[in-house]
Amino acid sequence: MSGTKCTRLSGAPVRRLLDSVDSVLFDCDGVIWRGDQAVPGACRVIDLLKEHGKKVFFVTNNSSKTRRMYAEKMSALGFGVSEEEVFGTAYCCAAYLRTVCELEGKKVYLIGSAAMAHELEAVGIRQTGVGPDHVSGKQGDWAAVPLDPDVRAVVVGFDEHFSYMKLNRALQYLLREDCLFVGTNRDTRLPLEGGKAVPGTGCLLQAVETAAQRRAQTVGKPNHFMFDCVASHFGVQPERCLMVGDRLDTDILLGSNCGLKTLLTLTGVSTVADAEAHRESGCAERQGMVPDYYVDSIADLLPALQG
């Protein structure tokens, strides 16, 4: 294997890389699909990896869907995927709250989606907060907004109903010193087709952090907990695992943080120039965002898998 980081992967080194791993983690949007279309060749790559005995998993920071919803979407796009192979932040956040925070049987204030509520309830964690929460009453009464005394944590994910009152209610809970504070991820923008973008969960999380003057613990990429979820379920060994993604600050950094081999695909957000800038920066922190290899598309793996 090449000792130089951020090198184009092609030819014989593709086979050597695949032979060196037993498991492959894929990010989703920008890697195996874009919008509502599968990346050309991606379905075949997944099928062939499995035929070659590789374990394949999918890790996404998007908390708007449950594992089952993601598996259904992927099946509709032509991927042969089971629910157990999908690890989204809605599921991983629920796992974190249950195992690390020991909140099974307890209640949280959730700024998030119905999908997050479902994943929380599936592991025995009750929630309040899903849906609109409109401003009511006089300004002087906002600090006295009614709070649920059973709430043990504030949890922030993607929430299309985010509002001033939700921000205020989160602050009132977090003024309690014993109230935990957990977020799904820090992605500030969600890129869309045609160069468009919308605000990401990180914007909502930063608003709550600013108001509460507290920093949340996040569970999504690049935090190692997301890999820990996969590893604990399936016995994945980091030195025998490849992380494939399109974002340097989440996917590639997750791989670096967890000791995985890393592969950047250029069908999504980050570019080779971005990676090279990190490599040449001389900054130790930025080195973690430099992939071992890059390809134009994961379809570039097909010749080695078909050979």
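Odds and ends about this structure:
- Each pair of Cα atoms in the range 91-159 enters the Kirkwood radius, and Stokes-Einstein at 10 °C and 1.306 mPa s then converts it into a translational diffusion coefficient of 125 µm²/s.
- Under 14 Å, Cβ to Cβ, from residue 239 - net charge with Lys/Arg +1 and Asp/Glu -1: -1
- Within the chain, helix-based [θ] at 222 nm, where runs of 4 or more DSSP H residues each add -39,500 (n - 2.57), nearest 500: -9500 deg cm²/dmol
- Each Lys and Arg Cβ is given +1 and each Asp and Glu Cβ -1; about its Cα centre, the range 5-128 then shows a dipole of about 300 debye.
- For the residues 138, 261, 55, a GNM of the chain with alpha-carbon springs under 10 Å puts the largest fluctuation on 138.
- Gained length - residue 160 relative to residue 135, 0.36 nm times residue gap less alpha-carbon distance: 7.4 nm
- Once divided by 2.2 N^0.38 Å, the Cα radius of gyration of the range 44-88 becomes 1.13.
- More than 17 Å apart - percent of Cα-Cα pairs taken over the range 238-307: 40
- In degrees, nearest ten, helix 67-76 long axis to first principal axis of the chain (Cα): 40
- Semi-axes of the equivalent ellipsoid for the range 1-86, Cα gyration tensor, largest first, Å: 25, 14, 13
- Total lysine pairs in the chain at Cα distances under 15 Å, for residues eight or more apart or on different chains: 4.
- Structure remark: mean-square fluctuation, Gaussian network model of the chain, C-alpha springs under 10 Å; the largest value among 263, 242, 48 belongs to 48.
- Each listed q (0.11, 0.15, 0.17, 0.18 Å⁻¹) maps to a log10 I(q)/I(0) for the range 170-307 from the Debye sum over equal C-alpha point scatterers, namely -0.51, -0.88, -1.05, -1.13.
- Relative to the current alpha-carbon distance between residue 4 and residue 240, full extension at 0.36 nm per residue lengthens the span by 83.1 nm.
- The Kirkwood radius of the chain, taken over pairs of alpha-carbon atoms, gives through the Stokes-Einstein law at 25 °C and 0.890 mPa s a diffusion coefficient of 122 µm² s⁻¹.
- Around residue 151: net Lys/Arg minus Asp/Glu count, Cβ-Cβ under 13 Å: +3
- Counting Cα-Cα pairs of the range 111-235 in 10 Å increments starting at 0 gives whole-percent bin shares of 12, 40, 34, 12, 2, 0.
- For the range 1-46, the solvent-accessible area of protein heavy atoms averages 44 Å² per residue (probe radius 1.4 Å; ligands and nucleic acids excluded).
- In the elastic network of the chain, a GNM with C-alpha springs shorter than 10 Å, the most mobile of 273, 114, 211 is 273.
- Fully extending the segment from residue 277 to residue 20 would add 89.7 nm, taking 0.36 nm per residue of separation and subtracting the current Cα-Cα distance.
- Within the range 78-210: Cβ-based charge dipole about Cα centre, in debye rounded to nearest 20 (Lys, Arg +1; Asp, Glu -1): 420
The values are calculated or read from the model by the stated rules, or taken from the named source; none is laboratory data. Because the structure is predicted, anything quoted here is derived from the model rather than measured. Backbone-built Cβ (ideal geometry, glycine too); neighbour counts: all protein chains shown. These accessible areas exclude ligands, DNA and RNA; they are computed on the full protein's heavy atoms, side chains included. Shrake-Rupley method; radii C 1.70, N 1.55, O 1.52, S 1.80 Å.
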